[in-house]
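Working notes, beginning with the structure itself.
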Amino acid sequence: MSNVPADLRYLKSHEWARLEADGTVTVGISDHAQQALGDLVFAEVPEAGRRVTAGEACAVVESVKAASDVYSPVSGEVVAANADLGGQPELINQDPYGAGWLMRIRPDDKAHFSTLLDAKAYEAALAAETH
Amino acid sequence: MPFIPHTADDIRDMLAAIGAPGIDALFDEIPANLRSRALDGIPPAASEMEIGRLMTERAARDGRRLNFIGAGAYEHHVPAAVWAIVTRGEFYSAYTPYQAEASQGTLQLLYEYQSMMASLTGMEASNASLYDGATALAEACLMAVRAHRKSKSARVLLPAALNPTYRDVVHAVAGNQNLAFELLPYDAKGGHTTVASLEKYRGQDITALVIQQPNFFGTLEDVDALTDWAHAAGMLVIAVVNPVSLATLKPPGQWGTKGVDIVCGEGQPLGVPLSSGGPYFGFMTTRMEHIRQMPGRIVGRTVDLDGKPGFTLTLQAREQHIRRSKATSNICTNQGLLVTAATIYMSLVGARGLAQVAATSMERTAQLVAALTRIPGVRLAFDRPRFHEALLLLDRPVRGVLQALADRGIVGGFDASADYPSLDNGLLVCATETRTLEDIEAYAQALGEIMTSAAAA
């Protein structure tokens, strides 16, 4: 069973989002996603300053098996990207909800965050996917 | 001999299994008006014997001419051992087998090829080749746009002194993929691209600068200054090079203070005979930081479960069988047979041999230029140092002169007047190590007679 922290929001496409105290949203891929992809060998994250819209493919994670797009949960401006992934993409496998974060976005509309899946809904989506 | 493994019985069984009445039924969803009909004007199939005879007769009509044309493809001596080895059954396949468990020989050869090209160009990584030099440049421009994420313009600067065929192909391949190309003029005196011509782009968002060394005129560019200027202005630099020239010129990995970002070019001079424009092969090398944006296949060295060294395709997540429409490129193969020839050619002539080929070609061209420019009505277009090619200017239209030379069995050069109308009567000439001093003397004598006869004027 994969770990689905209760305090995060999710997309069906297996991204997680965390609303930070400063109003930005941190984005990564879920524990389920990193398990399904296998050993990650490369992550391409957007440049700080790039505008993204909710649902837009804005990062790529590449494992020994596949390369997958990562979709933005919110619309806004990328304010930071995880530079550590350049040398250590395996951080996504080791700590998907922590050191393996991908990017931080300043959302245009904070209210949009609450429309994302909560942990329960994401778990239900995972269950539906496996059956 | 049937090349399709399915027998008539197999096909019938498969159709029966899916309940289709015939193969045509599988294409039902294509509207009738979109279907191709039988080809008109194509004669019926000929036997190997008939084709062999026809081709021998046509080749005899070409005769054996003395060749002084280069313009992107060059006549070099190819040691007999090269194609004797290439045509061995183990290598001689129209298709490149990549299956690691069955193709270690082919994969090792491609790995050796990549190592040689990386070393020759002074870069860190090479792909397993592309179709030809012109498409390699088009791919390099697309790659630069992907690799240079800070640049949003997708504008690429092309020198007017770039091979005009490459320019056409780059426009055809990349022009419809939202790339914009701007032409840099060449210096009227030197025939090279000047840093001064770049100044108007200072402060603008330009993705990449293309530098061809030697350029189409055979002239050597000031590659260090151009590379440094472009890097300082935030552009990537793409080098288009003749691989033979790298045996004597500085490799692009060492141009300027940082070296270029992408190197590409035509591999034909390395062991591939002239053949009506192809098949040849393109090469591409880059730095490790851009390797995921490089098109084509890449062979890597690894170890198997028992720890024994072996070779396999690597970094395939860039490629279209995995990334589908988001693949780095839709180029997913290489020119396996020609790369095999190039690898064997390089291994046979070695670094010293390649340097001799380059030096002798330079010397022969210098001798050719000296002999031809002694003729009244023939002068050198540009005064800069050159490799093994030079642009001459004639006092009359080139076409008639080339025809008169052809009548004497001499292919006198490339008529540059259509591509460069502002250069009066430009004739691009080349002499490689395969031309002797007697050949050069024969050309000079013939041209001298033609230029002094009023009829050719």
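The values are calculated or read from the model by the stated rules, or taken from the named source; none is laboratory data. From a predicted model like this one, the values you see are computed outputs, not experimental measurements. In this analysis, Cβ positions are derived from the backbone assuming ideal geometry, glycine residues included, and neighbour counts consider all displayed protein chains.
Tabulated data
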item: Neighbours by Cβ (under 9 Å, 6+ apart or cross-chain): first from region A:51-63, away from every other protein chain (no Cβ under 12 Å) and on the phi > 0 side of the Ramachandran plot; second surrounded by 18 or more Cβ atoms within 10 Å (Cβ to Cβ) and assigned to a loop (DSSP other than H, G, I, E, B); result: A:55/A:11; A:55/A:72; A:55/A:73
item: Yes/no for residue A:30 being buried (at least 22 other Cβ atoms within 10 Å of the Cβ), out of contact with any helix residue (DSSP H, G or I) (no Cβ under 9 Å at 6 or more places or on another chain) and more than 14 Å from chain B (Cβ to nearest Cβ); result: no
item: Residue match in region B:72-87 (condition: free of Cβ contacts under 8 Å to residues at least 60 places away in the same chain, assigned to a loop (DSSP other than H, G, I, E, B) and surrounded by 11 or more Cβ atoms within 10 Å (Cβ to Cβ)); result: yes
item: The listed residue being among the β-branched types (Val, Ile, Thr) and under 25 Å from residue B:70 (Cα atoms), out of B:285, B:207; result: B:285
item: Residue under evaluation residue A:2, criteria (1) at pLDDT below 95; (2) within 14 Å of chain B (Cβ to nearest Cβ), criterion not met; result: (2)
item: Residue among B:399, B:408 that alone is over 27 Å from residue B:135 (Cβ atoms), exposed (fewer than 14 other Cβ atoms within 10 Å of the Cβ) and either in contact with a His (Cβ under 8 Å, 6 or more places away or on another chain) or in the same structural domain as residue B:451 (by TED's automatic domain parsing) (or both); result: B:399
item: Scan of region B:378-394 for residues that are of a type outside the set (Lys, Arg), modelled with pLDDT of 95 or more and surrounded by fewer than 19 Cβ atoms within 10 Å (Cβ to Cβ), ordered by number; result: B:380, B:385
item: Per-region count, region A:64-80, residues within 11 Å of another protein chain (Cβ to nearest Cβ) and surrounded by fewer than 19 Cβ atoms within 10 Å (Cβ to Cβ); result: 4
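To keep it simple, each residue is scored yes or no on (1) buried (at least 16 other Cβ atoms within 10 Å of the Cβ); (2) not in a helix (DSSP H, G or I).
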| site | (1), (2) |
| --- | --- |
| B:123 | yes, yes |
| B:134 | yes, no |
| B:141 | yes, no |
| B:149 | no, yes |
| B:168 | no, no |
| B:181 | yes, yes |
| B:226 | yes, no |
